[in-house]
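Trainee: I have a structure I would like to understand better, so I am pasting it below and will then ask my questions one at a time.
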Amino acid sequence: MSERTDPAATLQRGEGFWDDLDGPQRAALRQVARPRHYQPRMPLCYQGEESDHIIIVESGWAKVTSSTEDGHEVVLAVRGPGDLVCESAVLGRRGRSATVTALSPLRALVVPAARFTGFLDAHPAVWRLVSGTFVRRLDDAGRRLQAHVSARGARRLALLLTELAELSARHCPPAADGRIDIAPPLSQEELGSWMDASRETVARALNSLRRRGLVSTGWRRISVVDLPGLRAYAQGQD
């Protein structure tokens with residue numbers, strides 16, 4: 001079946017590992033993968049488990065979390081359509097460093113570790129794409145750490161929402177009035193974990209951003225009303 005008529009080819013387009021592959025590479029990877037659906041709160045992989053597969057997200061969103069010694073869950077990142085997940089432990093031959101959990105109904109391609117490395121050996125150019133994924137994620141982590149140090153309260157949340165809005169806009173065009181719905185359905189508690197703040201701090205920050213006309217909110221829904229204004233506020237340019 002051609003990629004044009006293959007149901008699996010309905011993957012949403014964005015900037016991710018899958019989008020960097022060409023047609024023959026995608027077809028070869030599908031041949032060694034099996035499709036799987038995950039419901040919200042279902043784990044894709046667990047922190048500390050042995051590595052035996054990688055996952056490519058076709059549609060839906062997941063969060064990446066790590067547990068501290070006292071059992072506290074810390075949100076590290078979100079992954080969406082086109083992203084490669086659970087891959088570092090397979091390629092590094094070590095236990096998984098984080099848990100990945102579905103935030104929404106999620107469709108994915110699951111590839112056993114041996115088949116994925118075999119695919120990479122048969123398509124050596126893809127090794128560069130995998131390396132690029134690592135580099136981008138290290139850059140993202142460094143940028144978030146810098147923001148964590150330099151910003152507080154509402155500005156720190158504004159930085160995070162700016163990044164999430166830009167990510168969301170790559171998968172779903174903004175509304176006619178420019179409004180961007182934050183696609184990953186993160187709770188205030190999850191946002192607080194990500195920015196190292198309490199749920200109450202996030203609620204106060206959202207209230208401040210609402211008063212400025214930068215965002216609107218609903219049940220597990222945040223919309224960025226004015227992305228340029230939110231970005232400027234996050235950068236201290238108000």
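The values are calculated or read from the model by the stated rules, or taken from the named source; none is laboratory data. Keep in mind the model is a prediction, meaning the values are calculated, not measured. Reconstructed Cβ throughout: ideal geometry from the backbone, glycine too, with neighbour counts over all protein chains shown. Each accessible area value is taken on the protein alone, full model and side chains, heavy atoms only, with ligands, DNA and RNA left out. Shrake-Rupley method; radii C 1.70, N 1.55, O 1.52, S 1.80 Å.
Trainee: Since G192 meets every condition but one in (1) modelled with pLDDT of 95 or more; (2) on the phi < 0 side of the Ramachandran plot; (3) out of contact with any Leu (no Cβ under 6 Å at 6 or more places or on another chain), which condition does it not meet?
Mentor: Every condition holds for G192 apart from (1).
Trainee: If you check E189 against the conditions, is it closer than 25 Å to R79 by Cβ, open to solvent by 60 Å² or more (accessible area, probe 1.4 Å) and part of a helix (DSSP H, G or I)? Write out each step before concluding.
Mentor: Working: closer than 25 Å to R79 by Cβ: yes; open to solvent by 60 Å² or more (accessible area, probe 1.4 Å): yes; part of a helix (DSSP H, G or I): yes.
Criteria met by E189.
Trainee: Scan the strands (runs of 3 or more DSSP E) fully inside region 33-75 and keep the ones with 1 or more residues being open to solvent by 80 Å² or more (accessible area, probe 1.4 Å) and out of contact with any Lys or Arg (no Cβ under 6 Å at 6 or more places or on another chain). Break it down into steps so the answer makes sense when it comes.
Mentor: Details: elements: 34-38, 43-45, 53-59, 62-67.
Qualifying strands (runs of 3 or more DSSP E): 34-38.
Trainee: Right, here's the next one. Determine whether region 24-38 contains at least one residue that is of a type in the set (G, A, S) and more than 22 Å from H123 (Cβ to Cβ). Quick ask: steps written out before the conclusion?
Mentor: Step one: list which residues in region 24-38 are of a type in the set (G, A, S), which gives 27-28, 33.
Next cut, more than 22 Å from H123 (Cβ to Cβ) only: none.
Looking for residues that are of a type in the set (G, A, S) and more than 22 Å from H123 (Cβ to Cβ), one finds none in region 24-38, hence no.
Trainee: Could you list all residues from region 171-186 that are under 17 Å from the mean Cα position of the chain (by Cα) and open to solvent by 20 Å² or more (accessible area, probe 1.4 Å)?
Mentor: Initially, region 171-186 is screened for residues under 17 Å from the mean Cα position of the chain (by Cα), giving 171-172, 180-186.
The answer is H171, C172, D181, I182, A183, P185.
Trainee: Considering only residues that are over 14 Å from A165 (Cβ atoms) and touching a residue at least 40 places away in the same chain (Cβ under 8 Å), which ones fall in region 186-196?
Mentor: The first filter runs over region 186-196 and keeps only residues over 14 Å from A165 (Cβ atoms), leaving 187-190, 192-196.
Within region 186-196, E190, S193, W194, M195, D196 meet the criteria.
Trainee: Could you list, in sequence order, all residues of region 197-234 that are in contact (Cβ under 8 Å) with a residue 60 or more places away in the chain and either open to solvent by 80 Å² or more (accessible area, probe 1.4 Å) or not β-branched (V, I, T) (or both)?
Mentor: Quick first cut of region 197-234, residues in contact (Cβ under 8 Å) with a residue 60 or more places away in the chain only: 222, 224, 227, 230-231, 233-234.
Scanning region 197-234 gives L227, L230, R231, Y233, A234.
Trainee: Can you tell me which residue in region 14-23 is nearest to H123 (Cα to Cα), limited to those that are surrounded by 13 or more Cβ atoms within 10 Å (Cβ to Cβ) and either among the aliphatic types (A, V, I, L, M) or over 15 Å from the mean Cα position of the chain (by Cα) (or both)?
Mentor: We begin by selecting, within region 14-23, every residue surrounded by 13 or more Cβ atoms within 10 Å (Cβ to Cβ); these are 14-21.
From the residues that got through so far, the ones that are either among the aliphatic types (A, V, I, L, M) or over 15 Å from the mean Cα position of the chain (by Cα) (or both) too are 20-21.
Values: D20: 13, L21: 10 Å.
The selected residue is L21.
Trainee: Right, something else. So, in region 102-139, how many residues would count as being surrounded by 13 or more Cβ atoms within 10 Å (Cβ to Cβ), farther than 14 Å from L29 by Cβ and hydrophobic (A, V, I, L, M, F, W, C)?
Mentor: Total meeting the criteria: 4.
Trainee: Here's a follow-up. Do you know which residues across region 192-201 are part of a helix (DSSP H, G or I) and over 20 Å from the mean Cα position of the chain (by Cα)?
Mentor: Pass one, region 192-201, residues part of a helix (DSSP H, G or I): 192-194, 199-201.
R199, E200, T201, listed by residue number.
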